[in-house]
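In what follows, a single structure is set out as structure tokens and then discussed.
Each reported figure results from applying straightforward, stated rules to the coordinates on display, with no laboratory input. Note that this is a predicted model, so its numbers are computed, not measured. Note: ideal-geometry Cβ built from the backbone for every residue, glycine included; neighbour counts use all protein chains shown.
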Amino acid sequence: MGTHPAAPSRVLSSGKLLSDHLAENPHLVGQQVIDRFGLQNGHLPFLFKVLSFDRALPVQIHPDKRLAERIHANEPERYVDPNHKPEMALALSQFHALCGILPAFQVTSYLSSVPEFSSVFPQGLKDRLAAAVKAQDVGGQKDAVKDLLSVLLKAGKAHVEQKVKALVDRYNRGQISHAEGKIKPLIMRLNEMYPGDSGVFCAFLLNHFDLKAGNAFSVAAGEPHAYISGDIIECMATSDNTITAAFSPEKEKDIENFLSGVLVHPTTGKTLIQPTMFTPGSTATSGTLLFNPPINELAVMQVIVAKSQTETHHALRGPSIAIVFEGKGTIVWADGSQRLNLTRGQVVFIGQGTTVKFSALEHPFHLYRAFVEFEVNTNHTTT
Ligand SMILES: [Zn+2]
């Protein structure tokens, strides 16, 4: 949902491109948002998606603006726009993902307990990482972990396949060390999805997350990630720039650009976005919660209107798109210009500066609303 040329939204009543409609009616976006993001031709700064997957998406990064401009200039057919693509994911069901680099001590622990993984790398590199961990040399740890990633991703396909197979065969024989107990189910699952893929070994380098419905996180430029399974709301800066390194066909991989853009910033965990109340008294099960990631182009609201109730949103200083997730209800523009009956899966665009009321009928009415405002998002509340 949005105006990206790869899959642009259209206005239902006219069949016209949403971007054309917004170009003719720029007040719906607002001059301040247009100026703030340098928007042209009716484009919106964010792209809004619902994703559902039971097989891992590619191990990927999204470029920052500089890398995006460079790869777009070099390969305009592959990287179709010059924009960066920070994104946020909000889980609608149980959501498994790999995201961000593991702490170096964790990686050294896998190197010493998983011989099949360890044997991919030269001894000198493993010694260098171990020494950097011992010396608490953070820069040295980052360099060594990045080199591990590089060796793994550049290793021959047949070579990695054989190592992954040896590991899975050992697990199938029930030979599992204590250090491998927790990660074994993930390795087996990834190998079922992509047998012998180098992405299976990425699980020894990346953090693994298991999120519940209502949990959300954001992904910064360069942060390596792979969404494994689940249903999510995804919102990102308007771009299709994804640089993949594993769990994808050979010809789609771009290892050089992946390694040049990857952010090796080891963390012990992922910071979830702590939602705040957009309307007073909101909770996880009723009212409106605001998920405001550290990304200027977007924020997302979860709107749950209880049976026969109404939820009022004050006017936003920017454009928004809402999708009905469950139930049926109405949305009324407070200036009386529009009233729409909506049901599951339907999508509305709401122009800036408009107060709207969402009303539920005989069932709770559950929507997600993505938006941008012209001010720099400064109130990022995270825990
Ligand atoms: Zn992504």
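For I176 and Q274, compute 0.36 nm times the residue count separating them, minus their Cα-Cα distance, and round to one decimal in nm. Please report the intermediate quantities before stating the final value.
Working: separation 98, 0.36 × 98 = 35.28 nm, distance 3.71 nm.
Gain on extension, I176 to Q274, equals 31.6 nm.
Among F365, S9, A73, which residue has its Cα positioned farthest towards the positive end of the charge dipole of the chain, with +1 placed on the Cβ of Lys and Arg, -1 on the Cβ of Asp and Glu, and the dipole taken about the Cα centre?
Looking along the dipole axis, the top candidate is F365.
Please list, ordered by chain and number, the residues whose modelled amide H lies under 5 Å from the amide H of E87; skip anything fewer than 5 residues away on the same chain.
HN-HN under 5 Å from E87: V219.
As a footprinting exposure proxy, order K212, K184, K85, K270 by other Cβ within 10 Å, with the fewest listed first. Walk me through the numbers before you get to the answer.
Details: K212 9, K184 14, K85 25, K270 18.
Sorted ascending by nearby Cβ count, the order is K212, K184, K270, K85.
If the cut-off is 17 Å between C-alpha atoms, which aspartates and glutamates fall inside it for K328, apart from same-chain ones fewer than 8 positions away?
E311, E362
Would you be so kind as to identify which of I228, H84, V33 lies farthest towards the positive end of the dipole of the chain, taking Lys and Arg as +1 and Asp and Glu as -1 on Cβ and the Cα centre as origin?
Working it through, the farthest residue towards the positive pole turns out to be I228.
Order by neighbour count: E223, E75, E234, fewest other Cβ atoms within 10 Å first, most last. If you can, show how the numbers build up before the last one.
Details: E223 23, E75 12, E234 17.
The fewest-first ordering by Cβ neighbours comes to E75, E234, E223.
Tell me the label-point distance for the pair R344, K328, using the 7 Å Cα-to-Cβ offset, in nm and rounded to one decimal.
1.2 nm
Under the 0.36 nm per residue contour assumption, what length would be gained going from the current alpha-carbon distance of V11 and T283 to full extension?
On the way: separation 272, 0.36 × 272 = 97.92 nm, distance 3.27 nm.
Difference between extended and current length: 94.6 nm.
Just to confirm a number: summing +1 for Lys and Arg and -1 for Asp and Glu over residues other than A130 whose beta-carbon lies under 15 angstrom from that of A130, what do you get?
Details: positive: K126, R128, K134, K142; negative: D127, D137, D143, D147.
Taking every other residue near A130 into account, the sum is 0.
Using unit Cβ charges (K, R positive; D, E negative) and no other charged atoms, how large, in debye to the nearest 20, is the dipole of the stretch 1-89 about its Cα centre? Could you put the intermediate results ahead of the total?
Working: 10 positive and 10 negative charges, 26 e Å.
Rounded to the nearest 20 debye, it is 120 debye.
How big is the charge dipole of the stretch 262-375 about its Cα centre, in debye rounded to the nearest 20, if each Lys and Arg gets +1 on its Cβ and each Asp and Glu gets -1 on its Cβ?
Details: 8 positive and 7 negative charges, 46 e Å.
For the stretch 262-375, the charge dipole is close to 220 debye.
How much length is gained if the chain between D137 and K49 is pulled fully straight, taking 0.36 nm per residue apart and subtracting their Cα-Cα distance, in nm to one decimal?
Values: separation 88, 0.36 × 88 = 31.68 nm, distance 4.05 nm.
Full-extension gain reported as 27.6 nm.
Could you state the number of Å between the C-alpha centres of the stretch 311-353 and the stretch 1-51?
Cα centroid to Cα centroid, the span is 16 Å.
What angle do you read, to the nearest 10 degrees and between 0 and 90, between the alpha-carbon axis of helix 104-113 and the longest principal axis of the chain?
50 degrees
Residue by residue through the stretch 220-232, which ³J(HN,Hα) values in whole Hz follow from phi under the Karplus form 6.51 cos²θ - 1.76 cosθ + 1.60 (θ = phi - 60°), with glycine and proline marked x?
7, 4, x, 7, x, 7, 8, 7, 9, 7, x, 10, 9
Sorting T244, T343 on the 10 Å Cβ count, fewest up front, what's the list?
Numbers: T244 20, T343 12.
If I rank by nearby Cβ atoms, fewest first, I get T343, T244.
Would you calculate, for the chain, the mean residue ellipticity at 222 nm contributed by helices, counting each DSSP H stretch of 4 or more residues as -39,500 (n - 2.57) and dividing by all residues, to the nearest 500?
Taken over the chain, the calculation gives -8000 deg cm²/dmol.
Just to confirm the filter: which trypsin sites (Lys or Arg not before Pro) across the stretch 14-66 are DSSP coil and have at most 16 other Cβ within 10 angstrom of their Cβ?
On the way: sites: K16, R36, K49, R55, K65, R66; in loops: K16, R55.
Here the trypsin sites (Lys or Arg not before Pro) that fit, given the DSSP loop and packing criteria, are K16, R55.
The stretch 168-210: which trypsin sites (Lys or Arg not before Pro) are DSSP loop and have at most 15 other beta-carbon atoms within 10 angstrom?
Values: sites: R170, R173, K182, R189; in loops: R173, K182.
Answer by residue number: R173, K182.
In the P(r) worked out for the chain, what percent of Cα pairs fall beyond 29 Å? Could you put the intermediate results ahead of the total?
Details: 34421 of 73153 pairs.
Here the tail beyond 29 Å accounts for 47 percent of pairs.
Under unit Cβ charges (Lys, Arg +1; Asp, Glu -1), what dipole magnitude, rounded to 20 debye, does the stretch 85-213 have relative to its Cα centre? Display every interim value, and only then the final one.
Details: 16 positive and 12 negative charges, 13 e Å.
Its charge dipole is roughly 60 debye.
So, counting K/R as plus one and D/E as minus one, what does the shell of residues with Cβ under 14 Å around A370 add up to?
Numbers: positive: K49, R369; negative: E87, E234, E297, E373.
After counting each charged neighbour, the total is -2.
Rounded to the nearest 0.05, what FRET efficiency do D169 and K307 have when you use their Cβ-Cβ distance and R0 = 51 Å? Intermediate results must be reported in sequence, preceding the final value.
On the way: r = 55 Å, r/R0 = 1.07.
FRET efficiency, D169 to K307: 0.40.
On a 0 to 90 degree scale, rounded to 10, what angle separates helix 65-74 from the longest Cα axis of the chain?
Taking Cα atoms only, the helix is inclined about 80 degrees.
Mind checking the stretch 1-90 for GluC sites (Glu not before Pro) that DSSP puts in a loop (not H, G, I, E or B) and that have at most 11 other Cβ atoms within 10 Å?
Working: sites: E24, E69, E77, E87; in loops: E77.
Passing both the DSSP loop test and the Cβ count: E77.
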